[in-house]
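Contents: one structure, followed by commentary.
The values are calculated or read from the model by the stated rules, or taken from the named source; none is laboratory data. Only a predicted model underlies this, so the values are computations on that prediction, with no experimental measurement involved. Quick reminder, even Gly has a Cβ in these numbers, built from the backbone with ideal geometry, and neighbours come from all protein chains shown.
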Amino acid sequence: MTTHRIAVLGGDGIGPEVVAEGLKVLDRLEQLEGFTTERVDYDLGGRRYLATGEVLSDATLEQLRSFDAIYLGAVGTPDVPPGIIERGLLLKVRFAFDQYVNLRPVKLYPGVDSPVAGLTPERCDLVVVRENTESVYAGAGGVLYPGTPAEVATQESVNTRHGVERVLRYAFEAARGRRGHLTLVHKTNVLTHAGGLWMRAFEEVGDADFPDVQRDYVHVDAACLYLVTQPERFDVVVTENLFGDIITDLGAAVQGGMGLAASANLDPTRRAPSMFEPVHGSAPDIVGTGRADPLAAVMSLGQLLAFLGEQGAADRVERAVAALLAERRGAVPDGVGTTTSEVGDRLVQLVAEA
């Protein structure tokens, strides 16, 4: 029997609440699919930082390196200034473990109302592959004369051929496994240095190794327009770090909201663990109310299981989520419920039926 070691980071706010429901589903999936997990909880996030002054020590980082995957709820509290937890925990893990692919599905499920009038599930099923360790997130830049009228701030975008090419290859492979169409999103008409590198690598890699994959290019501003008006235009989208961060949140809105937005931070080489998390944030205003929707956390668990090779369990998650969303739209059967825990309980039932 296969055993997977998973580090569990509930984090802040509703993070522990939604992760608890994901783990409840995971317990049932282990029984159904015949694998086991060894889980270790880590208290990391804004709450711990306020208590100890430490975000993520190097010693804890090395402990995390020994796991097969990291399951994260949400981090951040209003009492911690912006950037401390993001850079000290999330980006530190991404960079240290070279999680160079951020994978965000954008899928409208039957029964979900999109804010885009008339949008149907057949028109909205795409994946965004975001480069995850370069661009302006690399941290190059600085501030001169802070707090004075002469203050200067620079934030540099770092793009390497190595970093660009490896995420392009991942995206080409993903497109080959889906509908065979890959769109590069950038701003080559203005960002000529970075955009030029991306475009050259895109064409060269495609010509040499993926002639069977159809290629397209769209400026990032136009991509935002098309995500709303013509999402069916896209199959797999590949883009740089900042643009990917922005368009994936727009995609989440199109598919019905951040409560349905799952994400994976992947090291495809598997030299280090990959990290899986819903992207809805810690929502401190609803902590303890039972109003936190665990669906995105459970969908992220599905990504985790697929990456670990438990495709049968991942498929059960996908079908269970789809079934629950369809139930919400129709007559609600007994046991579906509306609280965080009740939704988790119903998903446990549905993965068994899937």
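Among the residues of segment 59-81, those identified as in contact with a Phe, Trp or Tyr (Cβ under 8 Å, 6 or more places away or on another chain) and either farther than 16 Å from Met275 by Cα or assigned to a strand (DSSP E or B) (or both) are Ala69, Ile70, Tyr71, Leu72, Val80. Across segment 253-271, the qualifying residues are those that are of a type in the set (A, V, I, L, M, F, W, C) and outside any helix (DSSP H, G or I), and the one among them that is nearest to Phe172 (Cα to Cα) is Leu266.
For the residues Leu197, Leu144, the requirement of being in the same structural domain as Asp221 (by TED's automatic domain parsing) and either in contact with a helix residue (DSSP H, G or I) (Cβ under 8 Å, 6 or more places away or on another chain) or among the β-branched types (Val, Ile, Thr) (or both) singles out Leu197. The set of residues from segment 194-207 being of a type in the set (A, V, I, L, M, F, W, C) and under 15 Å from Ala171 (Cα atoms) comprises Trp198, Met199, Ala201, Phe202, Val205.
Restricting Glu165, Glu134, Glu122 to those that are out of contact with any strand residue (DSSP E or B) (no Cβ under 8 Å at 6 or more places or on another chain), surrounded by 12 or more Cβ atoms within 10 Å (Cβ to Cβ) and not hydrophobic (A, V, I, L, M, F, W, C) reduces the list to Glu165. Of the listed requirements (1) in the same structural domain as Gly195 (by TED's automatic domain parsing); (2) without any contact (Cβ under 8 Å) to a residue 60 or more places away in the chain; (3) closer than 26 Å to Leu350 by Cβ, Val213 misses just one: (3).
Scanning segment 103-133 for residues that are of a type in the set (A, V, I, L, M, F, W, C) and outside any loop (DSSP other than H, G, I, E, B) returns Leu103, Val106, Leu126, Val127, Val128, Val129. If the condition is being under 21 Å from Asn265 (Cα atoms) and modelled with pLDDT of 95 or more, then segment 137-155 contributes no residue at all.
Among the residues of segment 82-91, is any loosely packed, with under 13 Cβ neighbours inside 10 Å, within 19 Å of the chain's Cα centre (by Cα) and not in a strand (DSSP E or B)? Yes, some residue in segment 82-91 is loosely packed, with under 13 Cβ neighbours inside 10 Å, within 19 Å of the chain's Cα centre (by Cα) and not in a strand (DSSP E or B).
When each of Leu32, Leu56, Leu50 is tested for being of a type outside the set (S, T, N, Q), under 22 Å from Ala306 (Cα atoms) and either part of a loop (DSSP other than H, G, I, E, B) or in the same structural domain as Glu327 (by TED's automatic domain parsing) (or both), the lone residue that passes is Leu32.
Go through Asp79, Asp41, Asp113 for me and flag whichever is modelled with pLDDT of 95 or more, closer than 25 Å to Ile286 by Cα and loosely packed, with under 15 Cβ neighbours inside 10 Å. The match here is Asp41. Yes or no: segment 143-156 includes at least one residue that is aromatic (Phe, Trp, Tyr) and crowded, with 17+ Cβ neighbours inside 10 Å. Looking through segment 143-156, none of the residues is aromatic (Phe, Trp, Tyr) and crowded, with 17+ Cβ neighbours inside 10 Å. In summary, Arg47 fulfils each of the numbered conditions (1) charged (D, E, K, R); (2) under 30 Å from Val236 (Cβ atoms); (3) buried (at least 18 other Cβ atoms within 10 Å of the Cβ) with the single exception of condition (2). Only one of the numbered conditions (1) closer than 17 Å to Ile247 by Cα; (2) buried (at least 20 other Cβ atoms within 10 Å of the Cβ) is not met by Ala222, and that is (2).
Checked against (1) closer than 25 Å to Glu62 by Cα; (2) exposed (fewer than 14 other Cβ atoms within 10 Å of the Cβ), Ile6 passes all but condition (2).
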